[in-house]
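Every number here is computed from the coordinates shown, using simple stated rules; none is lab data. In this text, all values refer to a predicted model and were calculated from it rather than measured experimentally. Heads up, the Cβs are rebuilt from the backbone with ideal geometry, glycines too, and the neighbour counts pull from every protein chain shown.
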């Protein structure tokens, strides 16, 4: 009995104490979680019929899954103190590569693996540029963003081949599901669980935070900063490629516009979800909640039949508000400690 | 430099060769195109190239200033789209052109002020704040362009960029002359006036500048306004040229400006940069596009080439700086 | 155990060059197992470079290091870590975003059977270490909520928790107060008892004489001599070896008596307060007087200096200058009133390291040397040359960047910038931190010359001798407020220390 009681006591003490709400807010990603809850409650109460409509749920899953997958990689990078603007281009380029292989008649599994490897390779290039050549991540990933978006367009525009009509199994991979949940959403759930466990429990996961917090010191402590960051870029590339391939499968066509705003959405979601450009902060569930919040927001605008551009306006202001509030809290804490 | 009584001082300014890189590159590409094509070095082609440059040039002014301050404004591209369309919207609502223009400029300044106050007051990375503003403005522009579908801007608006004057028998757009004058004035001001000198100080080390009484926060705030203002003016000029609310205006401009500013010697860490060289860099990017068209290279490849140039330029910059500072 | 095994660390003919600068010249000595070995020397003597080489953060240009009988071939922090060497850096080296426990064990040493990080064990081990050394820390606390002293204690704990055979301490007490320093001394004693070798760097001679077994003096990158710390060793022996010359009278001697102080109040602060920083700060500076502020780390002197200049906001309080109240205390209004501030860390704020000396000198005087908004570069160059000459700053040209200057020269540039404004009041926060004794004496001379010309001077310093040689009156701070005032007749090191560190 005691063994059950004691932790329960602990938990109730924790949450019933005076500052429990403040403490809760301090947990990384909790703001995004709360925002998701509020959006959910709002939608569920105001337009229950539309919101819980199976088609709407499906649309939500399709919206959340690819960006959620990309957000995992982005959050890992943000924790270690860097970021990647090329993810959208990677999605389009890797999707196209897989599509080209499929049209060429290669086995599906080989096509997918090639697509994923392309993503890993681009991530590796990003990693090399940032870590070995010492180029600021903003510049180097904007560079690769240009390069691979350009390459995608070059390979697609004005060509006589149409990259569509893929084998049915491949298309079903993007469109069908299991237990009423799409494969891509299952993949997202599994990836979130796996990477959360990895980040929270594995030493390498912890090291991401050390690197993001103080990279020079991390190096002196014997943490292999370069290897880990390059690895993080490769994971980001891999996940972006996976998202791109899933989208390609769902569309049953390669599309050069895939992911052209993804990098912005994903960074915004990660920052709302507790990540920081300064590094050393963030969590995978936070990234997921950020994406879910974004998707709910978009959904709300669709359901209320607002112009979809309104969603971007609100999103922009939400980002500015979140960043400012974070800055304000940091300043206040510094002031309380008498540091400034 | 005049030699003073102190014999130990040898005040010869060492010439910084890296500052010439972009000029040499531009001349090289220019020379190459001249040599390999008959259609390149014609008045019409060069004139239209420079004319194209003169629009985005306005945005680059503020963008470069912010980079000198060690900040960045990603909202410039959306601002290009927004300001032009907002002015169009005001006209569409029936306002006479002059008050509409004043309101549009005031709105633009207000937006810059919001960016500035948030960054300065809460000491947060400008990249995040302006990313938010970029998203919001892009949404607003989208909204405007949907509402303005099929609307042509009034004559007064369209007339801004049209005037030409005759120089040596050829008609030249006045805008080009204005651009050249502005570059000359700004380059002079950058080297010779107190406010711009202070910008460099703040960009290199904000805390140091503060100790010597320089109003760092205020200067930073003003620079955000300048950035929004110059991008806003650029947007109005583009609006005047295009004459309707084209939804593609401004897309990717922020990255072009970043590339131009960096090619022009600016650094993400602040304290460096030049309007003249950034303007040349824009011309350089235009040259490359022009050259690709002339030589029948798929213009879709230009993105790839710009990306590679950006990476190489920054790589060389970090290398050179490492070599000289250690 | 045979005799040779007693030698834990053999430094053999080590040299280190940074470009043309030779930081270490053929240094050799031997450290025995389990002793506390102190490296003593002025700034720039090469102590920090030497410990960085031992830790593997730098590679020597020439020479060998033998550690525990093994000559190091590959210099890297990883190799030295594997050999059991840990280090506490001079600058605070912590992960602000992590907890205390994670900072103590950044290598995530404790894993469960499945290979996960064992958080419970980590916290418990951290708690054990904290208890063992009687520190005031909680393992689950986030570092960014701690004071600087607590952060430094965490860093020390990390070094001694790594199961190391040898701990390098590079000025570990710079951020600690008296109690914490004493605690650290106990910790060092304990480590020595456990047979762990300590290499210790400090400026505080009393502390060094208290804890060391042997003391090696380095000067200008060269080995000078080694003392065995016994009763016969005198402080003056160490100091004279460090400096390499007899101490000049002007430095570290009391300021000559001056009669120029009038009763006129020149600068006054009334009832200045700020939560968690300082409270009830009241003081007056009279015309012609030099006022000193002394306090140990954390006493609030730094905050006072920054608040009266407008670098930090005050919550309440009034500032008067020449009888007039200053309504808005900001750096801009202060500089306009010709009040200048010399910062305690010239690298983080005070100099533009990558801009020319000319640009540095121009900062506060742009207005004076411009017509309208147009700068007169020629007159600015003359201005710069005048001050560079007056303060004998050694630079090849006014376009020289401060980054490439020595610490002493950098500090002189800093002083030139401030005096170039022809100030009426100079607030100096640690005016001679981190520079050698020669440059120190020069700067003291320049400061007193300025005072003779009528400049008001307030000196915030943690070095008593400096205060004693400069000031007419010293205010002593403790626990965030002023606890004592000492007139020049009473100034003595012991007396001030008693007030600052004693139990009032």
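Peptide A:318-330 shows a mean partner chain C-beta count of 6 within 10 Å per residue C-beta.
Centre-to-centre, using Cα atoms only, region C:418-495 and region A:29-96 are separated by 60 Å.
For region A:58-175, the C-alpha radius of gyration divided by 2.2 N^0.38 Å, with N the number of residues, is 1.15. Of the DSSP beta bridges with both residues in region C:3-243, give the percent that are antiparallel, rounding to the nearest 5. Beta bridges within region C:3-243, antiparallel portion: roughly 55 percent. The mean count of C-beta atoms from other chains within 10 Å of the C-beta of residues in B:188-197, rounded to a whole number, is 4. Considering Cα pairs under 8 angstrom that are at least six residues apart, work out the relative contact order of chain C and quote it in whole percent. This gives 15 percent for chain C. Kirkwood's formula applied to the C-alpha pairs of region B:73-203 gives a hydrodynamic radius of 17.5 angstrom. Across every direction, the projection of the convex hull enclosing the Cα atoms of region C:95-230 has a mean area of 9.7 nm².
Helix A:2-16 and the longest principal axis of the Cα set of chain A meet at an angle near 90°.
Run through the DSSP bridge list for chain C and note the antiparallel percent, rounded to the nearest 5.
The antiparallel proportion sits near 55 percent.
Computed over the alpha-carbon pairs of region B:66-115, the distance histogram in 10 Å steps reads 25, 46, 21, 7, 0 percent, short to long.
Sorting C:409-419, B:155-165 by their mean Cβ neighbour count within 10 Å, with the most densely packed peptide first, gives C:409-419, B:155-165. Counting Cα-Cα pairs of chain A in 10 Å increments starting at 0 gives whole-percent bin shares of 6, 23, 31, 25, 11, 3, 1, 0. How would region B:169-326 be classified by its alpha-carbon gyration tensor: rounded, prolate or oblate, with rounded meaning a/c under 1.5 and the a/b versus b/c comparison settling the rest? The shape class here is oblate.
Computed per residue of chain C from DSSP H runs no shorter than four, each worth -39500 (n - 2.57), the mean residue ellipticity at 222 nm is -9500 deg cm²/dmol.
With q set to 0.19, 0.21 Å⁻¹, the log10 of I(q)/I(0) for region A:97-230, from the Debye formula over equal scatterers at the Cα positions, is -1.20, -1.25. Here the relative contact order of region B:43-306, from alpha carbon pairs under 8 Å that lie six or more residues apart, stands at 39 percent. Centre-to-centre, using Cα atoms only, region A:215-257 and region C:52-126 are separated by 29 Å. With distances taken between every two different alpha-carbon atoms, region B:43-306 has a Kirkwood hydrodynamic radius of 18.9 Å. Using the alpha carbons alone, the radius of gyration of chain C stands to its Kirkwood radius in an Rg to Rh ratio of 0.99. Between helix A:137-156 and chain A there is an angle of about 30 degrees, using the helix long axis and the longest principal axis of the Cα atoms.
Ellipsoid semi-axes for the protein assembly as shown, based on the Cα gyration tensor and the rule √(5λ), read 54, 40, 30 Å when sorted largest first. Entry note: region C:3-243 has Rg to Rh equal to 0.97, where both radii use alpha-carbon atoms and Rh is the Kirkwood radius.
Gyration tensor over the Cα atoms of region A:229-340: the corresponding equivalent ellipsoid has semi-axes (square roots of 5 times the eigenvalues, largest first) of 31, 21, 10 Å.
At 0.36 nm per residue, and after removing the present C-alpha to C-alpha distance, how many nm does the segment from residue C:232 to residue C:284 gain when stretched out fully? Could you put the intermediate results ahead of the total?
Values: separation 52, 0.36 × 52 = 18.72 nm, distance 4.49 nm.
Taking 0.36 nm per residue and subtracting the Cα distance, the gain is 14.2 nm.
Just so you know, the Rg over Rh for region C:266-501 is 0.97, from Cα atoms, with Rh as the Kirkwood radius. Paramagnetic label reach from residue C:185 (point 7 Å along Cα→Cβ; backbone nitrogen cut-off under 18 Å): within region C:452-477, residues C:464.
Expressed to the nearest 5 percent, the antiparallel share of DSSP beta bridges inside the protein assembly as shown is 60 percent.
Across chain A, the relative contact order, built from alpha-carbon pairs under 8 Å that are at least six residues apart, equals 33 percent.
In this calculation the C-beta distance from residue C:205 to residue C:13 is compared with R0 = 30 Å, giving a FRET efficiency of 0.60.
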